[in-house]
Amino acid sequence: MALVNFTNLDFDQIKTTIKNYLRSNSNFTDYDFEGSNLSVIIDTLAYNTYIASYNASMVSNEVFIDSATLRENVVSLARNIGYVPRSRKSSRAVISFFVDTTAFDVVPVSITLRKGLVCTTSTFGNENYTFSILDDITVPVVNGIATFDSIEIYEGTYAKTSFTVDSLNPNQRYLLDNPNIDTSTLRVSVTDENQQLRKYINSSNILQVDSQSKVFFIQEVADQRYELIFGDGVIGKKLENGNIIEASYLVTNGLDGNGVNTFNFSGRLIDSRGRSITSGISLITTELTSQGGSEIESVSSIKNFAPRLYSAQNRAVTASDYESIVSKIYPEADSVNVFGGEDLSPPQYGKVFITIKPTFGSFVSNTIKDNIKSELKQYSVAGILPEILDAKILYIEPDSSVYYNENLASSSNIVKTKISENIFKFSESKEINKYGARFKYSRYQSIIDNSDQSVTSNITRILMRRDLKASINQLADYEICFGNSFYVKDMDGFNIKSSGFNISGVQQTVYISDIPNSDLKTGNIRLFYLNSDTEFTTVSENVGTIDYEKGEINISPIVFTSAVKSSGGTPIIEISAIPKSNDIIGLQDIYLQLDNSKVTINMISDSIESGSDSSGSNYIFSSSYFNGDLVRR
């Protein structure tokens, strides 16, 4: 019998092929394979072949980074192209406290907070966490008070590991046995043959590294542990026999350490005379709740970024190069968007614009922006200036009227809870929480319809919103871009609505709306205040312009004195519009986000489906359009 070309190596096919092969032999032409002991032998052969083919398939898959599934193999393949996966990241908080030394026998000149453990927490999420610092902090004593102001602390247990270099052992490795290390907290020093302690720095590439550079490299090995690699005398300084390596680092809980805002002091204080201090320590003030903790880089992320970073070759030329490198520099980035200045109107040549949405919060601080720009200098091509912009978050606010069959639902609240849970999962997914995302209206409706068997239909209306950060008591103009066209519902205006605010010269709380031009493509911005829920007084009909087609609002120079709403202590004005299309896109630097706090679900009994009103005489209709209220409450 000729060899068979297999297209599907499953057990039954292999077994059938063996039987057909035996039947081709004249000795087995009429043999009953099913009712004989030979059937057991055939099963064994088929099973052995199946296992061998499966193993061969898995082995071939694991040698390619795009098809490998085991983390150890993916990491090894990424290592071949110079990619080091991100480790766990410690959450970080900012605290302040002071030490009162006026009651001491001798007032010290200074006080030092020793590196290592600083704070512990009360039970947070059924766990207790420790926070540490990486280096000693010394402050002077002024008028008997030593003030430790705005100290950054890191969630994790401070640990040390030491190695003695044995040049006679060619297989010696420097493995850090603790998993869950935050490699950004790693400090390495080497005591050389002259008993001098030298600090070594972590190098991510070999550029500008010579034979005397005191650098080390790090790579992830099995079981999410890390190995230190030192120079060989050509690339990096070579270690000598008897040198002592000391490595200190934090072992962290990563994402679980976020959100802690209450701390108990457990650190070690030493005065300028070397005495321990245990009294006069004030309560800790939390200036910044712990945030920024993250898990070790996932397998899917490694597969995504390793080839892209390799293709960039440590040079930032294209937009994808910048995206990969920024994600490496700032691992707390949830999403990164990059576009060239030539894509703007008017174009700005010679610039590249970077927008970062952090994992926690909405904006990247100015300090972090400066750090990222500084790090990018070693990758950027000369003549191209990177600019980091604040994320422009476009909030989506769905209002749904959900019809359900009472006969199939235990209660409307239970059905509503299921719908809310599914919407929350959708809002947290990467389907919309990223740059370049698209909110798919039909997808959202299907999530509601498929949440419970009792749901018969839904009518969902969509609003989109931008939050304007108001500069209080400053004359300033504003441009608010939605990146999506506005729907002109009312020719008399009020297609655009805002939350309340106050301006110089007007006592009442005022609001923003619009007055369309006759072409219904452009219009003017109106400023008004309410006399009642249905009556208003116009303050001005020309405080700016609006472009309905482009989805842009321009407000002329104005002085805001206060705003009704705020976010993180910053006064904001919520500006909402009805989109021309319910499919909303995140254009360029616009980040889409479903605002769970503004999701509305109205449960309505479907009297026709339940049979209580088969004629539909008492059926409750829901409008597909928003009502004509004057302001956004």
Options Leu269, Leu239; residue that is under 26 Å from Ser150 (Cα atoms) and touching a strand residue (DSSP E or B) at 6+ places or on another chain (Cβ under 8 Å):
Leu269
I'd like to verify a number: residues in region 14-72 that are modelled with pLDDT of 70 or more, among the aromatic types (Phe, Trp, Tyr) and part of a loop (DSSP other than H, G, I, E, B), how many?
1
Restrict the check to region 98-107 and report whether at least one residue is modelled with pLDDT under 85 and part of a strand (DSSP E or B).
no
Test for Ala391: is it farther than 29 Å from Leu468 by Cα, of a type in the set (A, V, I, L, M, F, W, C), surrounded by 17 or more Cβ atoms within 10 Å (Cβ to Cβ) and in contact with a Ser or Thr (Cβ under 7 Å, 6 or more places away or on another chain):
no
If only one of Tyr591, Tyr511 is within 35 Å of the chain's Cα centre (by Cα), of a type in the set (Phe, Trp, Tyr) and at pLDDT below 90, which one is it?
Tyr591
Reported set for region 244-264 where residues are in contact with a Phe, Trp or Tyr (Cβ under 9 Å, 6 or more places away or on another chain) and surrounded by 18 or more Cβ atoms within 10 Å (Cβ to Cβ) is Ile245, Ala247, Ser248, Tyr249, Leu250, Val251, Thr252, Asn253, Gly257, Asn258, Val260, Phe263
What number of residues in region 491-508 are at pLDDT 85 or above and closer than 14 Å to Ile525 by Cα?
4
Filter region 363-388 down to the residues that are assigned to a loop (DSSP other than H, G, I, E, B) and surrounded by fewer than 16 Cβ atoms within 10 Å (Cβ to Cβ), then identify the one that is modelled with the highest pLDDT.
Lys377
Restrict the check to region 532-542 and report whether at least one residue is within 38 Å of the chain's Cα centre (by Cα), crowded, with 16+ Cβ neighbours inside 10 Å and over 25 Å from Ile388 (Cβ atoms).
no
Inspect all residues belonging to region 429-436 and state whether any of them is among the acidic types (Asp, Glu) and closer than 21 Å to Val364 by Cα.
no
Quick check on this structure: which one of Ile111, Ile145, Ile153, Ile137 is in contact (Cβ under 8 Å) with a residue 24 or more places away in the chain, buried (at least 18 other Cβ atoms within 10 Å of the Cβ) and out of contact with any Pro (no Cβ under 9 Å at 6 or more places or on another chain)?
Ile153
Inside region 380-431, the number of residues satisfying the requirement of being farther than 19 Å from Ser622 by Cα, polar (S, T, N, Q) and not assigned by TED's automatic domain parsing to the domain that holds Val336 is 9
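The values are calculated or read from the model by the stated rules, or taken from the named source; none is laboratory data. All figures in this text were calculated on a predicted structure; none of them were measured in a lab. Here Cβ is always computed from backbone atoms with ideal geometry, including for glycine, and neighbour counts include all displayed protein chains.
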